[in-house]
1. Starting from the Kirkwood Rh over alpha-carbon pairs, what translational D in µm² s⁻¹ does segment 4-171 have by Stokes-Einstein at 10 °C and 1.306 mPa s?
2. Could you identify which residue out of G155, G63, G128 has the top mean-square fluctuation in a GNM of the chain using Cα springs shorter than 10 Å?
3. Suppose a student asked you for the relative contact order of segment 38-174, using Cα pairs under 8 Å spaced at least 6 residues apart; what percent would you report?
4. In a Debye calculation with equal point scatterers on the alpha-carbon sites of segment 76-150 and no solvent, what is log10 I(q)/I(0) at q = 0.13, 0.15, 0.18, 0.27 Å⁻¹?
5. Helix by helix through the chain, keep the DSSP H runs that span 27 Å or more along the axis on Cα and average at least -1.0 on Kyte-Doolittle, and give those back in order.
6. Please state the charge dipole magnitude for the chain, taken about the Cα centre, from unit charges on C-beta atoms (+1 on K and R, -1 on D and E), reported in debye and rounded to the nearest 20.
7. Can you say what percent of the DSSP beta bridges in the chain, counting only those with both residues inside, are antiparallel? Round to 5.
Amino acid sequence: MTDYTFKILVIGPAAVGKSSLIRRFVDNEFSFQYKFTIGVDFMTKNIVNNLNKNIRLTIWDIGGQDRFKILLRSFYDGAHGAIVVFDLSRPFTYSKMKDWISNMYKIMQKRIPIVILGNKLDLVSEIGETIDRNDPYKYAEKERYFYLETSAKTGENVDIAFTEITHRILDKNY
Ligand code: GDP
Ligand code: MG
């Protein structure tokens, strides 16, 4: 029996690892092969939270390409929460991620819980830091979002990201 069903969006610039994070969370798999997300895709995963509630997450993935912007309105419709992703190895994706948030609010006309992910944490040890890594924490605190560094490759913090967005939706904490 399902107690709640939540629609979770995963948004952000192209190639930051949105589809990989979903795949890691849902199937516990990862691949380096870059599979362009065409249009909109979604996957479902059932979880049990700390209060023993059965929660069905429908996780919506969208291609980052501009030509799919036309689909955005129905994509955002009825969403309970959003996971907004940037790539720790490519600094321009950090500012672009903020544009995705403001654009989402423009379309939705209301606030929903947001978890921001700085993904590809595993690359930071190889290439060094490309942004001030304190900055996203400060930004998230100011805006009352939650920020986590993740790696779809190693799986670090991926489950926590989806647990956190679920808690925030249930707690109406946004
Ligand atoms: P999307 O366009 O945001 O859906 O990005 P994808 O999930 O398709 O990932 C883009 C590329 O980055 C692919 O080649 C992935 O294998 C790679 N990738 C995704 N997440 C990670 C990660 O955490 N670490 C590393 N090293 N590569 C990643
Ligand atoms: Mg994708």
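1. Once the numbers are plugged in, D ends up at 99 µm²/s.
2. It is G128.
3. Taking the mean separation of contacting Cα pairs over the length of segment 38-174, I get 22 percent.
4. Log10 I(q)/I(0), no solvent term: -0.39, -0.50, -0.70, -1.32.
5. none
6. With Lys and Arg at +1 and Asp and Glu at -1, about 660 debye.
7. Restricted to the chain, the bridges split so that about 30 percent are antiparallel.
FYI, it's all coordinate maths here, none of it is from the lab. This one's a predicted model, so the numbers in the text were calculated from it and none came from an experiment. Here Cβ is always computed from backbone atoms with ideal geometry, including for glycine, and neighbour counts include all displayed protein chains.
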